[in-house]
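Below is one structure, written out as structure tokens; comments come after it.
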Amino acid sequence: MTITTREWLLSDAPQTRRQARLGALYQGWLTFRANKLALVGLVILILLVLIAIFAPWISPKSPFAQNLGGRLQPPSAEHWLGTDALGRDILSRLIHGSRITLFIVGTVALVAPVIGLFIGTLSGFLGGWVDQVLMRITDIFLAFPKLILALAFVAALGPGIGNAVLALALTSWPAYARLARAETLSIRKADYIAAARLQGAGPMRLLVGHVWPLCVSSLIVRVALDMAGIILSAAGLGFLGLGAQPPMPEWGAMISDGRAFIMDFWWVAAMPGLAIFVVSLAFNLLGDGLRDVLDPKGAKE
Amino acid sequence: MTAPLLSVRDLRVNFPTRSGVFEAVRGITFDLGRERLGVVGESGSGKSMTGRAILGLVRPPGKVTAERIDLQGQPILNLPEDQMRAIRGQRISMVMQDPKFSLNPVMTVGAQIMEAYRLHARATRAEARQKALDMLAAVQIRDPQRVFDSYPHEVSGGMGQRIMIAMMLAPDPDILIADEPTSALDVSVRTEVLRIMDRLVQDRGMGLIFISHDLNLVAQFCDRVLIMYAGRVVETLAASDLHNARHPYTQGLLNSLPRLDTAVDRLPVLKREASWRDAEILTPQPGGL
Amino acid sequence: MSGGNGTTGTGGRALFGPRFGRNLRAIGGVLLSLGLTLLGLLLITFIIGRIMPIDPVLKVVGDRATQAQYDAAYQAMGLDRPLWEQFLRYITDVVQGNFGRSISTGHPVAEDLKRVFPATVELATLGTLIGVLVGVPLGVIAAARRGGWIDQIARVVALVGYSVPIFWLGLMGLLLFYGILGWVGGPGRQGIIYDGMVPTVTGMILIDSLLAGDWGAFRDAFSHIILPASLLGYFSLAYISRMTRSFMLEQLSAEYIITARVKGMTERRVIWRHAFRNIMVPLITVIALSFASLLEGSVLTEIVFSWPGLGQYITKALLAGDMNAVLGGTVVIGTCFILLNLLSDILYRVLDPRSG
């Protein structure tokens, strides 16, 4: 008698730990797959990553090549999305710009949750005055308007893509710290932590081996839902001229370039805005789907 | 013979799930007169769902079907919502498990009692207020005036449940469904609350459907008992006949309770058999009246 | 005096009831944390002011100053004192409303702020108003008819609101409604002919023009503010409708809703009188937060619409390296954030019978 892989995965009584784990993953995938929009989001993002990787090969022109004779051309067979004020091909700039977007989002999404995880778990795990001090600092950052704080940071550090990333990371960690602390507080009292402690595990080992892994899944959901916000903030910084500097094809900055010609040459500003919209929409759709899978309580709402 | 107060034939409640249709209630048949009918079963046996189905309160995607549900001879199954609203509260009412959750936390007790009465009796504010105070007094609340103005979080569980009873009986319904009315209360106040409810129901000659998992309690306060298992009635008995129960599940439920009159070394664990799900029902004549 | 245990009805929800002592202590705690947060805000702006690569002295004395002039200015600005002393001085100045002089406008920053802040508040208030008036009903109906077409529309509206860059949508709005259709006034707060015609009372032109009884100016100001305010309102409504919906869904699945239905209440009454009354308190917090984020979101909107408000002021100062102006503006917005949080906290205590 043979059973299909599907039956094996969906078994009510898994025989091994591996089967249980794979089964849980498969269940998650089924939940995710049921959300068609989340799938659309995933496909868009996979496309975006592919575009970023193969940018030099698929972009029809150089993103930097100027052609002052052919400036502000409307979309045509030659330039699918038209050209900008310096005669550069907008499509090529968008394709190359995807790398910058992914770089910013990726870095912030890596750095901010890690800072937040570290501070939050430490705060929740140690308690006492450490907790008081760390949470007070977190509150202060949370009380600050994010974009303004990022603006002030960039102003202090000087405009540029690296500083923009740093400013965004510095302003987005507190939410993750709060989340990680809340998770830690609920984990801290659990019996298996007491068991591990009885086996002689030190605080560091408990933190790294037992607390961190359990905080990660809720952090991932949160990051996925925050990605769109990060993209929009980064684009906002770029729009204000505080992110990537010319001639880099950053999407926010490209909108800023097109602003002066908006009434007559709408495509210069419209195209990069559409790109930002599509990508952050994809992240939002994906985040919704991930939440359904990883955080069933939140999904019910 | 006049029509019974409530007559239910082959009631079914289904919920579609990812792994197929879940049948919460699978063909229940009973009649209710001006009597106290106990419905007993373990959690998940479909007893609460039965109560909600009668009131037309099963929310989509749940689906209710039945051969018929008649209230004093008049069909109420799948009645349009506005006609059903006239029945709810006015003719059939329900008391739920935990007053902590079943009372609206941001409305005063008085406002919640008046609301139902004003709607159904078309009474003025002053009349409704008087009725609410009377009802609070009827459920033996000593200082009705003060309780009238308080919020649900300011009263104890036992008092909350008495308020609930006062509220549900204010429009003088014919039938009260009590869904585990004392499970969330302290043991010390359970009997008191039940006695108050019992007296009001008897005085008014209402029909009571008392849903509980506690066989002893039901035997004490009811005239007749339906035993439910897996969405079906497995046995119907007069409360006084409980010790003559023939169904092994009922016997199991009885034996799993500690007894004062005989020494029992160790309480037997309730055994369940798959065959019970679909076996013959032991009381062929519905209602048994 | 800690009041009764409150389990059996002390009846009142009044602030000064038997729970006065507890309320007082709670408010004391809130004020303490408010003070600490404000202090932290100032500390952060102070640090940002110190680590910036711009030499504040050079900005004052100019490039061609002699070393002696430079040193004199250096000392006059207190930069030779220890850092903690500088911080103390910074706090004292700020508390007295002294943010220093703006290098780009030449005026004291406090004076500039008094001029630009009302413009931003006017915009953010109108935006929040739109967000609440549309977002709350939308969220309630979406929750009540879950899965229905209004719910789907609300979902799309919110999803787009969360995904679209505000400044880009603003540009596209200008292109469509001003450039192509000509339905609204263009960038800025007023048309040229009305500029400076209305006497300043509140600094909010819609109100000032009404006070002056100048309908023309009012109509002109309205045609200028409606597009940016709708834009901010859209973002506000995306957030408010989502939160309203999820609060409502939570309440609609509560037991007391079944109680209300058992009592035979109409669906309208179940929704608005029972469920909605229960979400009003958290909703106020959401609205306060949304208003705060519009103050912040106005940075980009003001740039797009050339709106002479706080956001534009801060951004222009940033690009000019005018740090006094940046920090002054930041402190003002940060303080608004903190005060709005405090306000929603107090409203929560007063409005929710369960608190205390």
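The values are calculated or read from the model by the stated rules, or taken from the named source; none is laboratory data. Remember, predicted model here, so these are calculated numbers, not experimental data. All Cβ positions, glycine included, derive from the backbone under ideal geometry; neighbour counts span all protein chains shown. Each accessible area value is taken on the protein alone, full model and side chains, heavy atoms only, with ligands, DNA and RNA left out. Shrake-Rupley method; radii C 1.70, N 1.55, O 1.52, S 1.80 Å.
For the reader, a short list of remarks on this structure follows.
- Normalising the Debye intensity of chain A to I(0), with uniform scatterers on Cα atoms only, and taking log10 at q = 0.10, 0.15 Å⁻¹ returns -0.69, -1.18.
- Springs join every pair of Cα atoms under 10 Å in this Gaussian network model of chain C, and among C:Met77, C:Met248, C:Met323 the largest mean-square fluctuation is at C:Met77.
- Degrees, to the nearest 10: C:215-252 long Cα axis against longest axis of chain C: 50 degrees
- Taking the DSSP bridge list for the protein assembly as shown and keeping only pairs wholly inside it, about 60 percent are antiparallel.
- Shape call, segment C:180-241: gyration tensor on alpha carbons, a/c limit 1.5: oblate
- Here the relative contact order of chain A, from alpha carbon pairs under 8 Å that lie six or more residues apart, stands at 23 percent.
- With Cα atoms as the point set, the protein assembly as shown shows a radius of gyration and Dmax of 33.9, 116 Å.
- Angle between chain A longest axis and helix A:36-53 axis [Cα atoms, degrees, rounded to 10]: 60 degrees
- In terms of its alpha-carbon gyration tensor, segment A:152-242 comes out prolate; a/c meets the 1.5 threshold, and the first ratio a/b outweighs b/c.
- Each label point was placed 7 Å from the Cα along the Cα-to-Cβ direction; for B:Ala238 and C:Glu267 their separation is 4.6 nm.
- Total charge dipole magnitude, segment C:109-355, about the Cα centre, Cβ charges on Lys, Arg, Asp, Glu only, Debye to nearest 20: 1180 debye
- In the complete set of protein chains, residue-level accessible area for A:Trp212 is approximately 60 Å², probe 1.4 angstrom.
- Length-normalised contact order for segment C:109-355 - Cα pairs under 8 Å, 6+ apart - percent: 30 percent
- Candidates A:Asp257, A:Asp191, A:Asp288, ranked by Gaussian network fluctuation over chain A, Cα under 10 Å, top entry: A:Asp191
- Given R0 = 56 Å, the distance between the Cβ atoms of A:Asp264 and C:Leu31 translates into a calculated FRET efficiency of 0.50.
- Taken along its principal axes, the alpha carbon cloud of segment A:1-131 reaches lengths of 70, 61, 23 Å, longest axis first.
- When each of A:Lys61/C:Lys316; B:Lys47/B:Lys100; A:Lys36/A:Lys146 is checked by Cα-Cα distance, pairs over 25 Å: A:Lys61/C:Lys316; A:Lys36/A:Lys146
- Karplus-derived 3J(HN,Hα) values for segment C:134-140, using 6.51 cos²θ - 1.76 cosθ + 1.60 with θ = phi - 60°, are 9, x, 5, x, 4, x, 5 Hz; glycine and proline are entered as x.
- Among A:Ala282, A:Ala34, A:Ala52: highest mean-square fluctuation, GNM of chain A, C-alpha pairs under 10 Å: A:Ala34
- Sites A:Val216 and A:Phe103 - FRET efficiency at Förster radius 25 Å, r taken between beta-carbons, to 0.05: 0.65
- Pairwise label distance in nanometres, B:Asp149 with A:Val208, each label 7 Å out on the Cα-Cβ vector: 6.4 nm
- Centre-to-centre, using Cα atoms only, segment C:48-115 and segment B:199-237 are separated by 83 Å.
- Label sites at C:Tyr70 and C:Trp183, each approximated as a point 7 angstrom past Cα along Cα to Cβ, lie 5.8 nm apart.
- Virtual paramagnetic centre 7 Å along Cα→Cβ of A:Ala34, amide N under 11 Å, in segment C:123-144: none
- Among beta bridges from DSSP that stay inside chain B, the antiparallel ones total about 55%.
- Rel. contact order, % - alpha carbon contacts under 8 angstrom, at least six apart, segment C:132-252: 45 percent
- Only helical runs count toward this figure. For the protein assembly as shown, summing -39,500 (n - 2.57) over DSSP H runs of n ≥ 4 and dividing by all residues gives -19500 deg cm²/dmol at 222 nm.
- Chain C: C-alpha gyration tensor shape, a/c 1.5 cut-off, then a/b vs b/c: oblate
- Bridging of A:Lys189 to aspartates and glutamates at a Cα separation below 18 Å is possible for A:Asp131, once same-chain residues fewer than 8 apart are set aside.
- Farthest positive-ward along the protein assembly as shown dipole, Cα basis, beta-carbon charges - from B:Ala66, C:Ser236, A:Ala38: B:Ala66
- Averaging the Cα positions of each part gives two centres, and for segment A:1-25 and segment C:261-298 these lie 45 Å apart.
- Where the Cα pairs of segment C:134-173 fall when distances are cut into 10 Å bins, in %: 30, 43, 23, 5
- Area of C:Phe291 that stays accessible when all protein chains are in place (1.4 Å probe, Å², to 10): 40 Å²
- Alpha-carbon centroids, segment B:14-74 and segment C:321-341: separation in whole Å: 61 Å
- Sorting C:Arg50, B:Arg246 by accessible area puts them as B:Arg246, C:Arg50; the probe is 1.4 Å, largest comes first, and only protein heavy atoms count.
- In terms of accessible area, using a 1.4 Å probe and ignoring ligands and nucleic acids, A:Lys189, A:Lys146, B:Lys47 rank largest first as A:Lys189, A:Lys146, B:Lys47.
- Cα-centred dipole magnitude for the protein assembly as shown, charges only on beta-carbon of K, R (+1) and D, E (-1), debye, nearest 20: 1180 debye
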